[in-house]
Structures are given as C-alpha cells and as structure tokens.
Amino acid sequence: MPGPTVLAFDTAAAHCAAAILSGGQTRAWVEPMAKGQAERLMPFLEACLAEAGLRWADLDALGVGTGPGNFTGIRIAVAAARGLALGLGKPAYGIDRFTVLADGQQRPIAALVPAPRGQVYLRLFSADGAEAPQLVPEGTPPGAPLAPDLDAATSLSRIAAITAQRLADGLPAERPAPLYVRGAEAAPPRDPAPVLLP
C-alpha cells in the first residue's frame, strides 16, 4: 500500500525549497534567492507539483519548516501552510530545523543552527526529550555530540518524511507556528505616542 503524498516547503533561509514525498519516493527542489520569497513561493510550489505530476488535491498532508532563521522568511512559509491547510482541508505540521537535524540520530545529540553576529542556536536532545533552544556564542561547547549539518534539499526531504510519520502515527495537526529563539531586532519607538485630540 503506497504511503501518503506530502508536500514540504521552507523559506526560513535565502531560498524557496520544497520536497514531495509520493509513492515512497522523495524529490526535492531548491531555488536560491535573497529576497522575493513571498511573491515566488506559490508559483514555485505549483511548478514542483506539476513536475511531479500531482495536483493540490492529491496531497494528504503539508509539512513546513518553522525555523529558526530569517524572521520574514519563516512567516511567509508558515502563513502559506496555514492558508493551504485551510483551503485544501489537509493537515499541516510545523517542523523546526533542530528536529530535522536530530531526526534519526542517536541521543544525546546537539543540534546547531547558524545565527547572526557570531552566534548559534543550540538545542540538546536526550532520550527523555528536548531542552528549550538557546542562543549562544559560536564555539560554545554543545554538551553532546553534534548532529551533522544538512543541505536544503536533504532538510526538506526529512521534513516530508517526518510529516508522513506524524500523519501515520495519527498525531493531530496543529496550526504551524514560527520558532523564534531571539527577539525581534526592531526596537520600539522611544518617543511617546501622539495625543489624540477630541
């Protein structure tokens, strides 16, 4: 019996990336781009489906990368996944990059994701679960063996596989949400708000 058909996608880095798992086979696409993901994502996904000989109605589930990564990029993919799930009536699963890196690895394992300004995002996984992710200086001892890094195509293939497994396990889909480890860089205005006259 063939497994589910899953579309996974991500815009948390400088790319539009997607993978389709269908009939037990996975195919991935990566289109590098520094900006413009919001305008490009839907045509990109439609092109991926067409190349795989599939339609939106053929999908059983959606998987989306939830970060950490570029703030705007994460929101683009997550919003698209929520809209598609609602419009198609299909479950959507948010998969963060730490989970992708640690998937299939012997625990304890540490997952590292690059961050700005000489820092990294770190999350430790043990046999009992996962700790909360942290933002630490680059070179900080991770506290466990490091999970190998993955390129975008392999990451998306894993998101598709994890999504298929969650669907098979009957895990309920929740609205995907961005994973932000650090706060927004934009500071609130220092000037007081203007007084509104009656």
* Asked: If you project the alpha carbons of the range 50-100 onto the principal axes, what extent comes out on each, in Å, largest first?
  -> 30, 20, 18
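Restricting to the chain, compute how many DSSP beta bridges are antiparallel as a %, nearest 5. Present the calculation step by step, with values, prior to reporting the outcome.
On the way: 26 of 35 bridges.
Of the beta bridges lying entirely in the chain, close to 75 percent run antiparallel.
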* Quote the Stokes-Einstein diffusion coefficient, in whole µm² s⁻¹, for the range 19-77, based on the Kirkwood radius over alpha carbon pairs, a temperature of 25 °C and a viscosity of 0.890 mPa s. => 192 µm²/s
* With the Cα gyration tensor of the range 55-143 giving a ≥ b ≥ c as the square roots of its eigenvalues, does the rule (a/c under 1.5 for rounded; else a/b larger than b/c for prolate; else oblate) give rounded, prolate or oblate? -> oblate
* **Net charge, residue 41 excluded, C-beta distance under 15 Å - Lys, Arg +1, Asp, Glu -1** => 0
* Amide H contacts under 5 Å for residue 15, placed H, 5+ residues apart -> 33
* Expressed as a rounded percentage, what relative contact order does the range 1-159 have, with Cα pairs under 8 Å and six or more residues apart? -> 23 percent
* Structure fact -> Once phi for every residue in the range 96-106 is put through the Karplus expression 6.51 cos²θ - 1.76 cosθ + 1.60 (θ = phi - 60°), the whole-Hz ³J(HN,Hα) values, with Gly and Pro written as x, are 7, 5, 4, 4, 4, 5, 7, 4, x, 8, 6
* Hey, what's the range 10-105 come to in accessible area per residue, 1.4 Å probe, Å²? -> 42 Å²
* **Value of [θ]222 nm, deg cm²/dmol, for the chain, DSSP H segments ≥ 4, -39500 (n - 2.57) each, nearest 500** => -9000 deg cm²/dmol
* Could you pull the Cα extents of the range 11-109 along its three principal axes, largest to smallest, in whole Å? => 40, 33, 24
* Asked: If amide H atoms are built 1.01 Å from N in the plane of the peptide, which residues on other chains or at least 5 residues away come under 5 Å of the amide H of residue 3?
  -> 23, 24
* **Nonlocal amide H pairs with residue 130, under 5 Å, H built at 1.01 Å** => none
* To do: Sticking with the crude label model, points 7 Å out along Cα→Cβ, report the distance from residue 34 to residue 175 in nm, one decimal please.
  => 3.4 nm
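The values are calculated or read from the model by the stated rules, or taken from the named source; none is laboratory data. Nothing here was measured: the structure is a model prediction, and the numbers come from that model. Cβ atoms come from the backbone with ideal geometry, glycine included; neighbour counts cover every protein chain shown. Surface areas here come from the heavy atoms of the whole protein model, side chains and all, with no ligands, DNA or RNA. Shrake-Rupley method; radii C 1.70, N 1.55, O 1.52, S 1.80 Å.
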